[in-house]
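The values are calculated or read from the model by the stated rules, or taken from the named source; none is laboratory data. What you are looking at is a predicted structure, and each value in this text was computed from that prediction instead of being measured. Because the Cβ atoms are built from the backbone with ideal geometry, glycine has one as well, and the counts that use them run over all protein chains shown.
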Amino acid sequence: MLYHLWTASMALAAASLLIMAALIVARLVRNLRERRLRERRALLIGTVLGWLDGQISEQDAIKTWRAHQEVLVLLSAELLSLLRGDEHARLVALFETCGLPALLRRKLMQHQRAAALLAAENLRFFPGPETSAALTAALEHPYHEVRLTAALSLAEQNQAPDVRELTSRLEVRGNVSARVMTALFRRIAPQQTDSLWALCQDEAAPPLHRVMALDAVATTGNYALVEGITRVALNATGEVAAQALRSLGMLGHPAARPAVEAALASPEFAVRVQAASAAGRIGLVDMADKLAALLADDIWWVRYRAAEALAELGEEGRLRLRRAMADGQGAERRVATLVLAEKGLR
Amino acid sequence: MNVSQDTLVAAASAAALLVISVGLLQNLVYLAQLVLAALALARTPPVERTRTLWQRYSDVTPPVAVIAPAYNEEKTIVENVRSLLALHYPNFEVILVNDGSTDGTLATLIRTFELAPVERSYDRAVQHQDLRGLYGSARHPRLLVVDKLNGGKADALNAGINLARSPLFCSIDADSILEADALLRAVRPFIEDPERMVAVGGTIRIANGCRISAGRVTAVGIPRNWLALFQVVEYIRAFLMARLAWSRIGTLTLISGAFGMFRRQYAVAVGGYSRGTVGEDLELVVKLHRHMRDQGLDYRIEFVPEPVCWTEVPETWRMLARQRTRWHRGALETFFKHRDMLFAPAYGRIGFIGFGHMLVIDVIGPIVEVLGYVLIPLLWAAQLISLGHLLAFVAVTFVFGIFISVCSLILEELELKRFPRTSHLLMLTLAAVLENFGYRQINNLWRLRALWQYLRGNSEWGAMARVGFSRD
């Protein structure tokens, strides 16, 4: 047994050293290939610049790019992100002539994650029915990063499916986070405001979906939604109510007053925090006394947001802060003093 | 052979077998880590380009406060703060905590960044020494400098936690260099699992031998100093193998103090960093595990290999001895402070694997291994144990050590390829072999010294003289 331990350790150590030696050789080869890749990149960039300046003919440019299509795939998004306006449009047209979008669509359907991801990202530059169809099909891709990137590219081309379909297709296999979905919802909000608004009001929908939808619709700045969001804020609880108040603050319309007033007295601190912030952002001066009362709240975040809101309300609010600084006790006095100092109002 | 001789041989054989068994157990733990790390790396999504991450996440990244405690760092503080302010992240604030420096750290900051006294309302959620002042700059709105009475690193970090207003904070050493996209990469697990993610650790890599320009690592290299080179191999083993493996099975107990991102609300819930300890980073993570499990909350604490923080390591034996003794004392402090978690069913994998690992590797391992270096050759020379015992001991200490170190290099090369030149790989392979002959043994002696200091109640930090990055 003891001798076996010795033999096994020697065999394992020798095997590991042999593998490492093979990897070192592989690295030598790889470094050479990377050098060639860098040279091809330089060649392609030079061709693009020469073609844009009119020093290289379209035929020559196409010939060069077709000869190095794999490098072109890696380089295309970088080049297209750098260019704007007419030059961007010319390059897109030329890449289409080279057959790049078709190549990207083929790569998108491959089960190789890195290639599919790159294709999903790059196809956003090549809108059209075929691209939309490929990106929509990619919403079923086995890798969630690819599904998500395809959805973002579709959103950028205003081709995203309806929000409910999108949610179910992206979430069906899990792994898609709320924060990433929030970004997606915000991108589709201008085109799908009605669908998102329907989701906001749907009490049977998962709270997280309603939160994301409420956030997204607020980014549109559509005042017609204020009344409805106010109703949501008044009727909902927890994270949905807190987000509704946050959205009302983002919209900044005084019609939100009933919801803000009620929420300032909510038993949930997260709701009070958002209500205080919303009061300040909307400029609800008549809420100053209620905000002043929150300066003595048990939770620091409520005290702080209430003080911040009072500072935003102009002289009426600042008067309350100065009064709390002079006559208040403990935490109330401290937050008023520090926020006045922080805002340069003391 | 008489009876007493037989007894002596049996006792010697038993002692040798104990030493070999503990060594074997340690190697089995490393082997398990290696397999788990390989699986984790194989299933990790490809490393995405910064541009892709920015495009995907920039709209939804939560604000982050980068908390950097500084003590007597006058010479390097300006460049380090500039480097932090240049991080690529949509919404962050740098909170530099001057922990009662006795040199010109604060004056240098005030002069360079045109700082002026400011006030800020903050939640006194965790304990720390009194603040002497806060400073801000109109030219650098992301920077807040906190001046406070000296209280140690944990105390300074607590001050930063109180002043932070973001849901996440990132603790770093002021003299380390974060890669420009490190925050964006470290925040990704918080974006993808916002409900459960509590803390994320990133990789610490060694900057000795790299080219540094304007607070950035512009060319990766390897140190010329052998002591630093051994540490490169050690860091690869610690981060790419051990932390990744434990992270994969939810038993990560250490997020390095040089770079970790935490959800502020939970750090506050556990009282922040424990003051007066030397292993505050390890202890915070253990406290988080304890808190989340005590509360019955579903949570994750993860290690992600891609966000990288570069740090300078000691190049002299004296400085390295101090650092390692301190680290190990910190581990022992945490282990014994939370010893009730060891093998406690209430703490699940943390109690069995996390604390079991600490018991085998940090507490028992060094004692038994050093005992083995003395005992086994003597017993063999006295013909009380067989050649088989001696070879088995050499196998579990030296030869398996080579196997584990080289395998961690293999993982690095297969998955990350951070070292650009073939010559780097050759040198690192050589270091992975040589570190097992001398360096490893000296490390164990430092661990024993740490145990001795711990038993005597020594809790000093010891000075860390920086040689400074070689910069362009």
Which pairs do you get when a residue that is over 18 Å from B:Leu282 (Cα atoms) and modelled with pLDDT of 95 or more, found in segment B:299-323, comes within reach of a residue that is aromatic (Phe, Trp, Tyr) and assigned to a helix (DSSP H, G or I), reach meaning Cβ atoms under 6 angstrom, with the pair 6+ apart or on two chains? B:Ala321/B:Trp446
When both residues are 6+ apart or on different chains and their Cβ atoms are under 8 Å apart, which pairs have a first residue that lies in segment A:297-324 and is within 12 Å of chain B (Cβ to nearest Cβ) and under 15 Å from A:Val271 (Cα atoms), and a second that is in a helix (DSSP H, G or I) and among the acidic types (Asp, Glu)? A:Arg303/A:Glu332
Condition test on A:Ala22, is it modelled with pLDDT of 90 or more and facing chain B (nearest Cβ under 9 Å)? no
In segment B:157-193, anything assigned to a strand (DSSP E or B) and either free of Cβ contacts under 8 Å to residues at least 12 places away in the same chain or not aromatic (Phe, Trp, Tyr) (or both) is listed as B:Leu168, B:Cys170, B:Ser171, B:Ile172, B:Ile177, B:Leu178
What tally of residues in segment B:407-418 results from selecting those that are hydrophobic (A, V, I, L, M, F, W, C), surrounded by fewer than 24 Cβ atoms within 10 Å (Cβ to Cβ) and either free of Cβ contacts under 8 Å to residues at least 24 places away in the same chain or within 9 Å of chain A (Cβ to nearest Cβ) (or both)? 2
Does A:Asp286 satisfy being among the acidic types (Asp, Glu) and touching a helix residue (DSSP H, G or I) at 6+ places or on another chain (Cβ under 6 Å)? no
Only one of A:Val29, A:Val48 is more than 25 Å from B:Ser21 (Cα to Cα), hydrophobic (A, V, I, L, M, F, W, C) and under 35 Å from the mean Cα position of the chain (by Cα). Can you tell me which? A:Val48
Residue, farthest from B:Ala395 (Cα to Cα), within segment A:25-49, restricted to residues that are within 8 Å of chain B (Cβ to nearest Cβ) and in contact with a Ser or Thr (Cβ under 6 Å, 6 or more places away or on another chain): A:Leu28
Just for segment A:325-337: of the residues that are within 11 Å of chain B (Cβ to nearest Cβ) and buried (at least 21 other Cβ atoms within 10 Å of the Cβ), which one is farthest from A:Gly283 (Cα to Cα)? A:Val335
Any chance you could count how many residues in segment B:367-387 are outside any helix (DSSP H, G or I) and away from chain A (no Cβ under 14 Å)? 3
Look at segment B:42-57 and say how many of its residues are crowded, with 19+ Cβ neighbours inside 10 Å and modelled with pLDDT of 75 or more. 2
One residue from B:Ala37, B:Ala32 being more than 13 Å from chain A (Cβ to nearest Cβ), more than 30 Å from B:Phe113 (Cα to Cα) and surrounded by fewer than 21 Cβ atoms within 10 Å (Cβ to Cβ): B:Ala32
Residue set A:Ala15, A:Ala42, A:Ala102; condition of a type in the set (Gly, Ala, Ser) and under 30 Å from B:Ala431 (Cα atoms); output residue A:Ala15
Boolean, A:Thr149 is at pLDDT below 90, of a type in the set (S, T, N, Q) and part of a helix (DSSP H, G or I): yes
Number of the condition not met by B:Thr311 [criteria: (1) more than 29 Å from B:Leu416 (Cα to Cα); (2) out of contact with any helix residue (DSSP H, G or I) (no Cβ under 7 Å at 6 or more places or on another chain); (3) among the polar types (S, T, N, Q)]: (1)
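Residues checked against (1) of a type in the set (S, T, N, Q); (2) modelled with pLDDT of 90 or more; (3) in contact with a Lys or Arg (Cβ under 7 Å, 6 or more places away or on another chain):
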position: A:Pro127; (1), (2), (3): no, yes, no
position: A:Ser132; (1), (2), (3): yes, yes, no
position: A:Glu156; (1), (2), (3): no, no, yes
position: A:Glu171; (1), (2), (3): no, no, no
For segment B:191-209, name all the residues that are under 20 Å from the mean Cα position of the chain (by Cα) and hydrophobic (A, V, I, L, M, F, W, C). B:Met197, B:Val198, B:Ala199, B:Val200, B:Ile204, B:Ile206, B:Ala207
Residues of segment B:412-447 being under 11 Å from A:Met20 (Cβ atoms), under 20 Å from the mean Cα position of the chain (by Cα) and among the aliphatic types (A, V, I, L, M), which ones? B:Ala432
Look through A:Ala233, A:Ala213, A:Ala242 and report the one residue that is surrounded by 15 or more Cβ atoms within 10 Å (Cβ to Cβ), touching a residue at least 40 places away in the same chain (Cβ under 8 Å) and part of a helix (DSSP H, G or I). A:Ala213
Test each condition in (1) within 11 Å of chain B (Cβ to nearest Cβ); (2) crowded, with 18+ Cβ neighbours inside 10 Å for A:Ala15 and report the one that comes out false. (2)
Taking the residues in segment B:427-440 that are free of Cβ contacts under 8 Å to residues at least 24 places away in the same chain and surrounded by fewer than 16 Cβ atoms within 10 Å (Cβ to Cβ) as candidates, determine which candidate is farthest from the other protein chains (Cβ to nearest Cβ). B:Gly438
Do you know which of the residues in segment B:116-145 that are under 29 Å from the mean Cα position of the chain (by Cα) and within 14 Å of chain A (Cβ to nearest Cβ) is surrounded by the most Cβ atoms within 10 Å (Cβ to Cβ)? B:Leu144
